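Beneath this line is the structure, given in C-alpha cells, with notes to follow.
The values are calculated or read from the model by the stated rules, or taken from the named source; none is laboratory data. Keep in mind the model is a prediction, meaning the values are calculated, not measured. A quick note on method: Cβ atoms are made from the backbone with ideal geometry, for glycine too, and the neighbour counts reach across all protein chains shown.
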Amino acid sequence: MHFEARRPHHSLARNAEHLASPGATAPGARILIASDCPAVETVRQDVMRQNYSASVATSGRAVLETFASYDLILLDTDLPDLDGVSVSRAIRQISTIPIIAFASADETDQVLLLETGCDDCIERPYRARDLIARIKAVLRRAAPERFPALDYPAADLAGPPRPRAVPQPVEARHDAVPYEDQGNVVSVGNRLVINPALREARLDGRVLNLTRKEYDLLELLASAPGRIFNRTELMTKIWEYPAGKRINAQASRTIDTHVSSLRGKLSHRDWIANVRGVGFRLDVPGPRRADRERGVHPRLSPTDLDEWPRRRLVRPLDATESA
C-alpha cells in the first residue's frame, strides 16, 4: 500500500530567513508529536518546558496532512492506522524535516526506522533529559543558523530522571537451580537450549544476545522443530498482526530482517530454513554443516585450506560432485 504526504509549503531554510536582520532571535521550535498513547501529554509537557510549541497528531494520516507546519516530528511507531516506517518513508519522499522515533529496544526495528528516514531513535520508556538532548542535537544539525548550540540554556526538568531497568547478570540468576530445571527448557539437537523462564537462549553453552523479537521468533520456531511457520502466522504471533489480515510487503521485510539477524547470531544460516513461498522452519545443522562452521571441509585436509578459496567452502558438495 502506498501513502502520500502533502508537499510542504515551508522549510527550515525558509524559516531561517527570520535571522537575516541584525538582532533577530530564533523562534522556539514547533514540534509535532505523533502518538495516540495515554502518555502523550507527558511528552508534550516535557517538550513545552523547553519553550518549544508542541501539538499532537493521533494518527499517521494526520501527521502526513499537517507535518509541513512544524520543525520536527516525534514519531510513535505504534499509530492506529499507519506504522512508523510507512509514515517516515512517505515524508522522506518530499521533505527533509527532522524525525525522531520512539522505538522499542529491538535493535532491528531501530535499524529499519533509521534506514527509512528517521534521524534518530529513542527507546521507551525514555528519560526527559535524553529526549530533549536528542531534539536539540537533531534541530542543530538540520538548521544550525536557526538553532545554534549557544541558544540552548540548560533548563530544569521537573521530577527525577526516570529509572532504567538494570539487567541482572546471567551468573546471578537462579543460582540454586540447575539451568535445565529452570522452567520448561527446550533443547534442540543437544546444542540449542531455550529457557522461557529466563527468556534466554544458549547455543553450545554460550548465551545468545538476542533482542526481544529475536527471542520470541526463536522460541516459536523451536516449539516445533521441522515444522514450517508461514509468514502470516509469524506476524500474528510475534508482531500481533491482525488475524486474517494479509501481510504487506513491509511486514514481510520485517520478518526477513529479523530472520537474517537471528541467523547471524546463531552463527550459521542453516539453523533457520527458508521454504520458498511458504515460510520458515528450525533445523539442526548436520555433522557436515557443523564441520563447515568450524572451517573444516570433509574432502580437504587442513593444509589444503590455505590454497582453497574460502568462499567455495560455503556451499556443500552434492552427490554428483562427490562422485
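So the values come out like this:
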| item | result |
| --- | --- |
| Residue in segment 229-251 that is loosely packed, with under 14 Cβ neighbours inside 10 Å, more than 30 Å from Ala103 (Cβ to Cβ) and modelled with pLDDT under 80 present | no |
| Some residue of segment 22-39 being outside any loop (DSSP other than H, G, I, E, B), on the phi < 0 side of the Ramachandran plot, loosely packed, with under 15 Cβ neighbours inside 10 Å and at pLDDT below 85 | no |
| Answer residue from segment 204-214, given it is surrounded by 19 or more Cβ atoms within 10 Å (Cβ to Cβ) and not basic (Lys, Arg) and is farthest from Lys237 (Cα to Cα) among those | Leu210 |
| Single residue of segment 1-21 satisfying the filter (assigned to a helix (DSSP H, G or I) and under 21 Å from Ser69 (Cβ atoms)) that is modelled with the lowest pLDDT | Leu19 |
| Qualifying residue in segment 76-90 (condition: outside any helix (DSSP H, G or I), in contact (Cβ under 8 Å) with a residue 60 or more places away in the chain and touching a Lys or Arg at 6+ places or on another chain (Cβ under 6 Å)) | no |
| Residue match in segment 62-69 (condition: closer than 22 Å to Tyr52 by Cα, assigned to a helix (DSSP H, G or I) and β-branched (Val, Ile, Thr)) | yes |
| Top-ranked residue of segment 252-288 - restricted to ones that are part of a loop (DSSP other than H, G, I, E, B) and aliphatic (A, V, I, L, M), ranked as surrounded by the most Cβ atoms within 10 Å (Cβ to Cβ) | Leu266 |
| Enumeration of residues in segment 220-235 that are assigned to a helix (DSSP H, G or I) and farther than 23 Å from Lys245 by Cβ | Ala222 |
| Among residues of segment 215-228, those that are surrounded by fewer than 19 Cβ atoms within 10 Å (Cβ to Cβ) and touching a helix residue (DSSP H, G or I) at 6+ places or on another chain (Cβ under 7 Å), counted | 2 |
| Test: Ser223 is within 25 Å of Asp106 (Cβ to Cβ) and modelled with pLDDT of 85 or more | yes |
| Segment 102-124 residues that are in contact (Cβ under 8 Å) with a residue 40 or more places away in the chain and crowded, with 22+ Cβ neighbours inside 10 Å, paired with ones that are among the charged types (D, E, K, R) and not in a helix (DSSP H, G or I) (beta carbon under 9 Å, 6 or more apart) | Phe102/Asp76; Phe102/Asp78; Phe102/Glu123; Phe102/Arg124 |
| Residue count, segment 128-144 (criterion: under 13 Å from Val43 (Cβ atoms) and free of Cβ contacts under 8 Å to residues at least 40 places away in the same chain) | 2 |
